Amino acid sequence: MNTHSDVQYFIGLMSGTSTDGVDGTLVAFQKDTFPRIIAFSSLAMPSDLRRTFLALNKAGDNELEQAYLAANGLADLYAECCHDLLKQSQLSAEHITAIGAHGQTVRHRPDLGFTVQLNAPARLAELTKIDVIADFRSRDVAAGGQGAPFAPLLHQALFSDTTKTRVILNLGGIANITLLAPHQPLLGFDTGPANALMDYWIDKHLGKTFDKDGAWGASGNIHNGLLTQLLSEPYFAKSAPKSTGRDLFNPLWLDQHVVAFNEHIPAVDIMATLRALTSHSIAQAIKRYSHKVDEIIVCGGGVKNIALMQELKALMGCEVNAIEQYGFDSQAIEALAFAWLAKAFYNKEPLNFPELTGSRHATIAGALYPR
């Protein structure tokens, strides 16, 4: 237990849909002040572990053993990240109230009443000697909700403004938004794919894990016919609350659309079209719920895609700014959210998820694995 009576230290750990690495934050929480990031660490996911997680997004051989071994591998990576955070901050395990560890989502089917985040929280507690809070999403799903999104509550605390309508946009594997409009209920949901399909496409054609600065996609031309077909996906027309993931927006989904189009399209043009799919689906989602937006604040890996950021600005006609302008690291904000959620669990604070997730009532999110 931390020894400072007026401060609680929590660690937040996140490995997102992009499956490219683990981000961790060590956060100080004090009464009536904003959470303060003391240390940040980002570790690349080993390629074999990444391949296993991606394979587990669909049915395959020996899934149970592969899943548990991958969960153990992720816990080891989480532990390494925690030790790095402690070293940076010059704090010890005894100072940390708890770790909030999200796990790696491999299946997300709230329509069938389940969501799966592979994790080994007991192993992580053993390796770090710190209490671990995990399994944040299943309680909300049990109450009839989507189990997502969770970050909007943090976004509201950090970025709400009484005079401006802001959208907080996370460009991870999947894109999600939080709409912060003065005197309006909090709204947040997944809009559709962000980097997941683009990462798959460049890996397939150039053997790279991502398109640095969006340069390859920027060298191609958007194919409007294919873009129209991709945007016809029924998910985009669904009303919030809603959430999605690789269960829908995966290589099979994309390849089926490309084949069905029955026309040769250069690979680089498909990459440009996937970028446009991200920007157009985001813009459509925002405009559906807000006629006027003053500013979009962007976090996640996609903030580095220059063409995507420019396209969003053109489509929305408003300021589109990286979250760094507000003193936060784009990679750190989701990890900060899970430190925030761990604190809420530890203090037995039910979070007001129903308006965000569609659950029947507010729940306390998470499960405790003691040190």
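The values are calculated or read from the model by the stated rules, or taken from the named source; none is laboratory data. Keep in mind the model is a prediction, meaning the values are calculated, not measured. Ideal geometry is used to build each Cβ from the backbone, glycine not excepted, and the neighbour counts take in all protein chains shown. Surface accessibility is based on the protein's heavy atoms, side chains included, excluding ligands, DNA and RNA. Shrake-Rupley method; radii C 1.70, N 1.55, O 1.52, S 1.80 Å.
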Expected unfolding gain across Q229-A322 under the 0.36 nm per residue rule, minus the alpha-carbon gap, is 30.5 nm
FRET efficiency (N262, D203; Cβ distance; R0 41 Å; to 0.05) is 0.95
A student asked for the Cα radius of gyration and Dmax of the chain in angstrom ought to give 19.9, 66
A convex hull over the alpha carbons of the range 90-249 yields, per residue, a volume in Å³ of 200 Å³
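Please work out how much length the chain gains when fully extended from E65 to A237, using 0.36 nm per residue of separation minus the C-alpha to C-alpha distance, in nm with one decimal.
On the way: separation 172, 0.36 × 172 = 61.92 nm, distance 3.77 nm.
Full-extension gain reported as 58.1 nm.
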With bins of 10 Å, the percent of all Cα-Cα pairs of the range 281-352 per bin from 0 is 17, 37, 31, 14, 1
Along principal axes, largest first, the alpha-carbon spread of the range 1-113 in whole Å comes out as 50, 32, 22
Whole-Å distance linking the alpha carbon centroid of the range 301-330 with that of the range 10-83 is 25 Å
With every protein chain in place, the accessible area of F40 for a 1.4 Å probe, in Å² rounded to the nearest 10, comes to 50 Å²
The computed P(r) of the range 94-180 puts the percent of Cα pairs beyond 16 Å at 65 percent
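Would you mind checking K212/K313; K238/K313; K204/K242; K238/K304; K129/K204 for any pair whose Cα atoms are more than 31 angstrom apart?
Values: K212/K313 20 Å; K238/K313 24 Å; K204/K242 29 Å; K238/K304 29 Å; K129/K204 41 Å.
Beyond 31 Å between Cα atoms: K129/K204.
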So the carbon and sulfur contribution to the accessible area of the chain, 1.4 Å probe, in percent, is 52 percent
Between the modelled labels at D48 and E355 (7 Å from Cα along Cα→Cβ) the distance in nm is 4.9 nm
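With charges only on Cβ, +1 for K and R and -1 for D and E, what is the dipole size of the range 280-365 about its Cα centre, in debye, rounded to 20?
Numbers: 8 positive and 9 negative charges, 64 e Å.
In debye, rounded to 20, the range 280-365 gives about 300.
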Calculated from DSSP helices alone, with each H run of at least 4 adding -39500 (n - 2.57) and the total divided by the residues of the chain, [θ]222 nm to the nearest 500 comes to -12000 deg cm²/dmol
Given 28-36, 321-329, the highest-first ranking by average Cβ count within 10 Å works out to 321-329, 28-36
Hydrodynamic calc, the range 189-280: Kirkwood Rh from Cα pairs, then Stokes-Einstein at 4 °C with viscosity 1.567 mPa s, so D in µm² s⁻¹ is 96 µm²/s
Counting only protein heavy atoms and rolling a 1.4 Å probe, one gets per residue an accessible area for the chain in Å² of 43 Å²
Along the range 184-189, Karplus-curve 3J(HN,Hα) (6.51, -1.76, 1.60; θ = phi - 60°) to the nearest Hz, with x for Gly and Pro, reads 10, x, 5, 9, x, 6
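Restricting to the chain, what percent of DSSP beta bridges are antiparallel, rounded to 5?
70 percent
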In Å, the Kirkwood hydrodynamic radius from C-alpha pairs for the range 158-240 sits at 15.2 Å
